[in-house]
Amino acid sequence: MARTQHHPRPVAPARAAVPDIAHPALWQVQNGTTTIYLFGTVHALPADVQWYDGPLATAFDRSDTLVTEILEKSPEAMRTIVFAKAMLPEGQNLRTMLAPATRAAVEKALKTNGLPVATFDRFRPWYAAVALSTLPLMKSGFDPANGVDTHLSKRAADLGRPHEALETAEYQLGLFDTLPMAVQKRYLKEVAVGAPKITSELSAMIRAWKAGNATKLAQLMNADESDASLADVLLYNRNRAWSQWIKARLDKPGTVFIAVGAGHLAGMGSVQDELKKLGITATRVQ
């Protein structure tokens, strides 16, 4: 009997991972020989999101200057700035300053993220709120190394392109530090109580950002906005200042690519709204 030949079963080639394609919103402001692009960024993204193409890539490539919120400093320099702004005076302890419900929510959020409950004891409430809001995202694969700001800054550096900023890191952190202590504590409570939903909420925001749905993005970002004083300091006052910067920059020839947090370019009180009050129209180009 002839021996039956056993041929190995064909193995299908491994399927390449399907990239996650995004088409985030982009606006243009024009005045004679001056063009300014407005692009809303996301500071942390999963590694597989591809957003740099089409009109966006064309706009960046033809720009001669990148403008972001701040210029990144070395980790050591940032630590120095943070410690100068965020540390409580000697002898004070964050958890002893908090109402029992807020303290319990903060401790629960820290334990959930595998950190000691004393992690933020030496810091002001605003810093604990900012840091606490990023912990679930890092665990879920949202990495600042994949953030839009990081990508654009590196690309500008590789091209030898001028990189300017609307603010300094000292000023930006100082905004938080100017918040009254009662506002800081409310901010921390809001973040700590909402910690379990942070990742799902950011995922929804990123879906809207990837689809270029600025209206939906604004709705999602403002859904839990309950403190007008916090919104004024961190959002609306800055939008007004930035619109004045843009108005002045329109008098200088050239092409500028402005990349700021997407929340500043969506909804009522956005940079576009403030520009409109100044008689300047921002036209959607992606």
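Taking one equal scatterer on every alpha-carbon of the chain, how large is log10 of I(q)/I(0) by Debye at q = 0.10, 0.12, 0.15 1/Å?
Debye output, listed in q order: -0.60, -0.83, -1.24.
Between their Cα atoms, which of LYS247/LYS276; LYS111/LYS139; LYS73/LYS111; LYS73/LYS139 are more than 21 Å away from each other?
Correct reply: LYS73/LYS111; LYS73/LYS139.
What is the spin-label model distance, in nm, from ASN213 to LEU71 if the labels are put 7 Å beyond Cα along the C-beta direction?
3.9 nm
Set the Förster radius R0 to 25 Å, insert the Cβ-Cβ distance between ARG79 and ARG155 as r into 1/(1 + (r/R0)^6), and round the FRET efficiency to 0.05.
The calculated FRET efficiency here is 0.45.
Label 7 Å along Cα→Cβ of ALA182; segment 86-121 residues with amide nitrogen under 11 Å?
The answer is none, because no backbone nitrogen lies closer than 11 Å to the label point.
Between PRO46, PRO75, PRO116, find the one with the highest GNM mean-square fluctuation for the chain; connect C-alpha pairs within less than 10 Å.
PRO75
Could you estimate the translational diffusion coefficient of segment 114-267 from the Stokes-Einstein equation, with Rh from the Kirkwood formula over C-alpha pairs, at 10 °C and 1.306 mPa s, in whole µm²/s?
Translational diffusion coefficient: 90 µm²/s.
Laboratory data are not the source of any read-out in this text; all were calculated from the coordinates shown. Since the structure is predicted, the reported quantities are computational estimates derived from the model, not experimental observations. Note that we place each Cβ from the backbone using ideal geometry, even for glycine, and neighbour counts take in every protein chain shown.
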